[in-house]
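Okay, so here's the structure we're looking at.
No value in this document is a laboratory result; all are computed from the given coordinates. Owing to the predicted nature of the structure, the values given are computational and were not obtained by experimental measurement. Neighbour counts are summed over all protein chains in view; Cβ atoms, including those assigned to glycine, are modelled from backbone coordinates with ideal geometry.
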Amino acid sequence: MSWIILIAAGIFETAFAFCLGKAKLSHGTEMYLWYLGFVISLLASMLLLIKAIQSIPIGTAYAVWTGIGAVGTVLTGILYFQEPVTFWRMFFITSLIVSIIGLKTFAE
């Protein structure tokens, strides 16, 4: 169950980065709503991370959490903000995913 909570925390980390990106492109009330989404996602991410580290080692949990957030944010940037897709970006994102799987597989 802790791993599911940790994955959810990482998804909320991606959500708060997405909200920041959308807020940057918005104006007026819409911008403030995106900032509200950022704050809510940030709180959810932190609270879920706190819950997950109660049974997952902090080093492993933090690395997985940031990795999920990083991969999710890069993919979100590509899908929603027309960021470039290059060989090296995909290579390093793939290596990050493999590292996250390795941490999960060999966590004690």
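Here is how the numbers come out for the structure above:
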quantity: Helix axis angle, 87-106 relative to the chain longest principal axis, alpha carbon, degrees; calculated: 40
quantity: Using a Förster distance of 30 Å, the FRET efficiency for Ser95-Leu47 (Cβ separation, nearest 0.05); calculated: 0.50
quantity: Nearby lysines by direct alpha-carbon distance to Lys104 (threshold 24 angstrom, same-chain neighbours under 8 apart not counted); calculated: Lys51
quantity: Förster radius 25 Å - calculated FRET efficiency between Ile4 and Leu25 (Cβ-Cβ, nearest 0.05); calculated: 0.20
quantity: Degrees, to the nearest 10: 28-52 long Cα axis against longest axis of the chain; calculated: 10
quantity: Theoretical FRET efficiency, 1/(1+(r/R0)^6), r = Cβ-Cβ of Gln82 and Ser55, R0 41 Å, to 0.05; calculated: 0.55
quantity: For Glu83, residues with placed amide H under 5 Å, excluding near neighbours; calculated: Ile78
quantity: C-alpha long axis of helix 58-80 to longest principal axis of the chain, angle in °; calculated: 40
